[in-house]
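Step one of this worksheet: look at the structure below.
The values are calculated or read from the model by the stated rules, or taken from the named source; none is laboratory data. These numbers were taken from a predicted model, which means no experiment stands behind them. Here the Cβ positions follow ideal geometry from the backbone for every residue, glycine too, while neighbour counts run over all protein chains shown.
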There are 2 protein chains.
Amino acid sequence: MQNMAERVLAGDRRALARAITLVESSRADHRAQATLLLEDLKCAGRQAQRIGLSGTPGVGKSTFIEAFGCMLTAQGLRVAVLAVDPSSARSGGSILGDKTRMERLSRDPRAFIRPSPSQSQLGGVARRTREAIALCEAAGFDVVLIETVGVGQSETMVAEMADLFLLLLAPASGDELQGVKRGIMEMADIILVNKADGELKATATRTCADYAGALRLLRKRPQDPEGFPKALTVSALEEAGLEKAWAEMQALADWRRDHGHWGRRRAEQARHWFEAEVRDALLARLDREPVKGLLLSLAAQVERGEISTTAAAEEAQRLLDVQMHG
Amino acid sequence: MQNMAERVLAGDRRALARAITLVESSRADHRAQATLLLEDLKCAGRQAQRIGLSGTPGVGKSTFIEAFGCMLTAQGLRVAVLAVDPSSARSGGSILGDKTRMERLSRDPRAFIRPSPSQSQLGGVARRTREAIALCEAAGFDVVLIETVGVGQSETMVAEMADLFLLLLAPASGDELQGVKRGIMEMADIILVNKADGELKATATRTCADYAGALRLLRKRPQDPEGFPKALTVSALEEAGLEKAWAEMQALADWRRDHGHWGRRRAEQARHWFEAEVRDALLARLDREPVKGLLLSLAAQVERGEISTTAAAEEAQRLLDVQMHG
């Protein structure tokens, strides 16, 4: 483990990949090793800029990450890309193709791309992703991009572990604009309207203005300087608008650092995930024998009407008191 | 307690009201008494028809319940009305006015109306409402109407404790029809388009046809006979269509009883609530001292970055193991 920690700290991508595999494991001995590793690496105190990125399929997410990532590495920055796709267990790993779709970035020695593990439980995905972010930070990456498809609660989850949250959208008619849920809009720091090129350029500009208008209608958040959240057009295909977008992200990040919002947000996020993890771990005890079997038997009695729900639930708590020490 | 149980079983409305107050209490001694009372009453094996009713404010819910309830009591049936409003804690008890708005029904000796307790936690609302339903059943009511405003998850909760779920809607233009969330539509057994009177009669008929069309597009559920779920028009104001609606509810209920769906659904619901209650009670342990204080102190360390989230969460589980026996 000491060796692995040293190699991760030295920025060794193969060691980083193995460390991520370790934190993705649910085996008890692996979990114990992962905890030690994370504690070890924490001491380095390295922080990357964590950027969450959400966008539905077809919006050009891979092309954007490829172009944006290559622009950053060309500036000498080290970029890690993590994918979060709670649906990948079902859809059969659509993210598996990421490395192929991001051919240039995946061959870049300053970049590291990690596909989403096939995993259906959102709670598990959250913990693994957070730990993977921590590993990438320890490995000295300057930017960690956490991308997610807009499915269920994955956007909220990613926003809760990112410093900045980007929403990548396609050019659209006014009617479609309303398809973006208000809750998602409220999480965005910067909206990027992609495909501002060729025939769609004018539509993209109009869409961007529409979203800018919609953003102005939202309640002002304390963590935003004047003019944020904002909407910008980009063309991942023509690699246009990417530097401007990065400059805006930096301006926002700098302002938040200067005004104490950056550290406060990280602290709040850490607390949020700690509390979520404590709850998840507590509930996981219900799935362990002998508790699991005893609860199943009580549930069967409830189903047959032999005991009231209330009395059964109280009996279950008594059983938990006795059995939890296992 | 024995006395209270006997009086509830005898249909004494004052004893019923006091019993509901008892199950609404969170005091430990009251909880113990409530559990005993519920076990006692369970033996009577009485079952009412549990009807869930949802509708947004302005749709005429109180007027409908008043007219529908009075029609049932006129037939000799005993009707209990329970209100579920998770928002009432904030809105300051809007349901408090129910008895005034249902003046005729509230004076009816065959009726019992219970306003929503002011309570903000949905988990607590669920347990209290289920227990209040059980008390009303023991008190010999034939029909228990559980009404809720369409706020957040309260509709799902009510549908999960009802035998039949009604959705009360207002006449609307085609555009507004889409405002009803698909998930809510899928829970409905019967959609009632209210206000089919006066100027709105034609619109109500058209709206009803629209909803009927929308219902036909939904996936067929095993618990539905041919023609269900269905949409009907009613006028609570003119007391029109109520008998037809009741006849349809009876037809649906009879079919489900004959085909084993009724009992199966009750068994599944009981199991669902048992499991939910076990989880809630387990999580409630995190809020009890000394665990609460120890977790707060760990959370503060996490916020200050003195310990990793992962390590803190594991430490929390160790503390829980030691402290849970209290």
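Consider B:R50 carefully, then state whether it is at pLDDT 95 or above and over 25 Å from A:V302 (Cβ atoms).
On the way: at pLDDT 95 or above: yes; over 25 Å from A:V302 (Cβ atoms): no.
Criteria not met by B:R50.
From the list A:L215, A:L232, pick out the single residue that is touching a Lys or Arg at 6+ places or on another chain (Cβ under 8 Å), assigned by TED's automatic domain parsing to the domain that holds A:M157, surrounded by 13 or more Cβ atoms within 10 Å (Cβ to Cβ) and not in a helix (DSSP H, G or I).
When all the criteria are applied, what remains is A:L232.
What's the number of the condition A:A44 fails, among (1) modelled with pLDDT of 90 or more; (2) within 14 Å of chain B (Cβ to nearest Cβ)?
For A:A44, the failing item is (1).
Of A:R219, A:R264, A:R256, which residue is within 21 Å of the chain's Cα centre (by Cα), of a type in the set (D, E, K, R) and away from chain B (no Cβ under 14 Å)?
A:R256
In region A:15-34, how many residues are farther than 16 Å from A:I133 by Cβ and either among the polar types (S, T, N, Q) or in contact with a helix residue (DSSP H, G or I) (Cβ under 8 Å, 6 or more places away or on another chain) (or both)? Spell out how you get there, then give the answer.
Looking only at region A:15-34, we keep the residues that are farther than 16 Å from A:I133 by Cβ, and these are A:15, A:18, A:25-33.
With either among the polar types (S, T, N, Q) or in contact with a helix residue (DSSP H, G or I) (Cβ under 8 Å, 6 or more places away or on another chain) (or both) added as a condition, the list becomes A:15, A:18, A:25-26, A:30, A:33.
Here the count works out to 6.
Looking at region A:312-323 only, could you name the residues that are hydrophobic (A, V, I, L, M, F, W, C), surrounded by fewer than 18 Cβ atoms within 10 Å (Cβ to Cβ) and either within 7 Å of chain B (Cβ to nearest Cβ) or on the phi > 0 side of the Ramachandran plot (or both)?
Taking region A:312-323 as the starting set, the residues that turn out to be hydrophobic (A, V, I, L, M, F, W, C) are A:312-313, A:316, A:319-320, A:322.
From what's left, surrounded by fewer than 18 Cβ atoms within 10 Å (Cβ to Cβ): A:319, A:322.
Residues satisfying the conditions do not exist here.
Pull out all pairs, ordered by first then second residue, where Cβ-Cβ is under 6 Å, the residues are six or more apart or on different chains, the first lies in region A:232-248 and is at positive phi, and the second is of a type outside the set (D, E, K, R) and not in a loop (DSSP other than H, G, I, E, B).
Listed by first residue and then by second, the contacts come to A:E239/A:A67; A:G241/A:T233.
Which members of region A:252-275 meet the condition of being of a type in the set (G, A, S) and touching a residue at least 24 places away in the same chain (Cβ under 8 Å)? Break it down into steps so the answer makes sense when it comes.
So in region A:252-275, the residues of a type in the set (G, A, S) come out as A:253, A:260, A:263, A:267, A:270.
Passing the criteria: only A:A253.
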